Amino acid sequence: MTKQLAFVGVGHIHTPGFIRMLGERSDVVVKSVWDHDAERAARRAAELNAAVVAEADAIWNDPTIDAVIICSETNLHEGLVRDAAHAKKHMFVEKPLGMAGRDAYAMAAVIDEANVLFQTGYFMRSSPINRFLKDEIAAGHFGTVTRIRHSNCHSGSLGGWFDTEWRWMADPSIAGVGAYGDLGTHALDILMWLMGDVERVTADIRVITGRYGDCDETGEGILQFKNGAIGTLAAGWVDIANPISLVVSGTEGHAYVLDGKLFYQSKHVKGADGKSEWTDLPTAWPHAFHLFLDALVGKSDISLVTAQEAAARSAVMEALYKGAAEHTWVAPTRS
């Protein structure tokens with residue numbers, strides 16, 4: 001049976017991409033669209049051949065709607081997530097989940113209590129390279145991982161990507177973060193997915209062009225993981241290239257990703273000499289959004305991001321920003 005969805009907020013820059021993905025499927029349909037900006041709601045509803053509703057309550061009270069896609073401004077997430085959980089709607093919530101640790105963990109609690117499907121937009125987990133590295137680290141083929149680095153950068157500020165429709169994303173009072181948190185949350189998810197919980201962090205986060213006022217545009221963070229590994233996280237909107245996106249260094253193995261190609265060295269794996277591209281990789285998972293829809297329609301063995309995982313990333317990112325502001329090490333907290 002076809003599942004019925006609703007968009008609750010359509011302000012995120014990834015909304016057009018999600019609409020395209022929905023158009024690729026016949027097992028789900030969008031019935032309703034709400035956004036506090038009526039013009040924005042009407043435009044996206046027309047693209048989806050869906051109805052515009054003036055109040056979100058029309059979605060919460062509609063028993064035919066199985067799930068919602070929350071692509072609102074980040075500062076609206078908490079209220080919308082609470083309403084979705086109360087209405088027992090499965091939910092895809094665009095990243096980051098929260099403005100900080102407090103609201104993110106509060107949302108995770110109500111999501112878990114409602115026992116509904118949850119997913120957020122951490123699409124990098126679907127990468128064959130990231131899946132491979134997770135398995136190799138777990139198998140001990142790196143020995144003790146001592147250092148890990150992830151870099152996720154683009155030229156958004158340089159290209160004026162946030163000048164018009166997406167301007168709110170360059171306003172940390174609405175988005176919760178600037179460039180470092182916007183792109184860095186993806187890198188942070190992979191670092192924590194591979195290495196586990198974070199003990200404490202510090203960072204240097206800066207404005208470069210000033211195009212978006214005091215919104216940060218780049219940053220570099222240091223993370224101490226509870227397992228003893230040291231991580232570094234780079235992210236920004238002022239990079240013309242990002243050729244080396246990931247490095248994993250261990251006592252018995254090493255890997256790096258250059259221009260999307262993996263180079264892997266391990267004495268435990270035949271042929272892994274680090275000299276040529278490693279191509280023996282698992283198949284890609286679908287995009288994080290498709291994974292949510294797959295789980296919604298009843299497909300089995302679907303790996304989703306948990307609400308607690310999403311909240312933990314918001315808390316660590318909050319700590320990185322605090323560490324940058326105070327020039328000190330900060331431990332992530334729930335408050």
Restricting the range 145-197 to residues that are of a type in the set (Lys, Arg) and under 19 Å from Gly219 (Cβ atoms), the one surrounded by the fewest Cβ atoms within 10 Å (Cβ to Cβ) turns out to be Arg147
Of the residues in the range 237-262, those that are on the phi > 0 side of the Ramachandran plot and among the small types (Gly, Ala, Ser) number 1
Sort out which residues of the range 120-144 are surrounded by fewer than 16 Cβ atoms within 10 Å (Cβ to Cβ), of a type outside the set (A, V, I, L, M) and not in a loop (DSSP other than H, G, I, E, B), and write them in order of number. Pro128, Asp135
Could you grab me the full set of residues in the range 266-313 that are on the phi > 0 side of the Ramachandran plot and not small (Gly, Ala, Ser)? Asp301
Out of Phe123, Phe162, which single residue is in contact (Cβ under 8 Å) with a residue 40 or more places away in the chain and more than 16 Å from Glu309 (Cβ to Cβ)? Phe162
Can you go through Ala272, Ala284 and tell me which one is in contact with a His (Cβ under 9 Å, 6 or more places away or on another chain) and either within 19 Å of Asn130 (Cα to Cα) or β-branched (Val, Ile, Thr) (or both)? Ala272
Between residues in the range 302-315 that are within 17 Å of Val116 (Cβ to Cβ) and outside the structural domain of Ala106 (by TED's automatic domain parsing) and residues that are part of a helix (DSSP H, G or I) and modelled with pLDDT under 95, which pairs lie under 9 Å by C-beta distance while being six or more apart or on different chains? none
Within the range 250-315, considering only strands (runs of 3 or more DSSP E) that don't extend past its boundaries, which have at least 2 residues that are of a type in the set (Ser, Thr, Tyr) and farther than 24 Å from Tyr180 by Cα? 261-266
Before we move on, is Lys88 modelled with pLDDT of 95 or more, farther than 24 Å from Thr333 by Cα and either charged (D, E, K, R) or buried (at least 23 other Cβ atoms within 10 Å of the Cβ) (or both)? yes
When residues of the range 74-85 are filtered for being surrounded by fewer than 21 Cβ atoms within 10 Å (Cβ to Cβ) and either in contact (Cβ under 8 Å) with a residue 24 or more places away in the chain or of a type in the set (Asp, Glu) (or both), how many remain? 5
Filtering the range 257-296 down to residues that are within 22 Å of Ile148 (Cβ to Cβ), surrounded by fewer than 19 Cβ atoms within 10 Å (Cβ to Cβ) and in contact with a Phe, Trp or Tyr (Cβ under 7 Å, 6 or more places away or on another chain) yields Phe263, Gly274, Glu277, Leu281, Pro282
Could you say whether any residue in the range 192-207 is closer than 21 Å to Ala315 by Cα, at pLDDT 95 or above, part of a loop (DSSP other than H, G, I, E, B) and more than 20 Å from the chain's Cα centre (by Cα)? no
Within the range 145-180, count every residue that is assigned to a helix (DSSP H, G or I) and either in contact with a Phe, Trp or Tyr (Cβ under 7 Å, 6 or more places away or on another chain) or not assigned by TED's automatic domain parsing to the domain that holds Tyr264 (or both). 7
Taking the range 1-54 on its own, how many of its residues are under 18 Å from Trp168 (Cα atoms) and part of a loop (DSSP other than H, G, I, E, B)? 7
In the range 76-90, which residues are in a helix (DSSP H, G or I) and more than 16 Å from the chain's Cα centre (by Cα)? Leu76, Glu78, Gly79, Leu80, Val81, Arg82, Asp83, Ala84, Ala85, His86
In the list Gly176, Gly213, which residue meets the criterion of being free of Cβ contacts under 8 Å to residues at least 60 places away in the same chain, on the phi > 0 side of the Ramachandran plot and among the small types (Gly, Ala, Ser)? Gly213
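The values are calculated or read from the model by the stated rules, or taken from the named source; none is laboratory data. As the structure is a computational prediction, the values presented were derived from the model and not from experiment. So basically every Cβ, Gly included, is an ideal-geometry build from the backbone, and we count neighbours across all protein chains shown.
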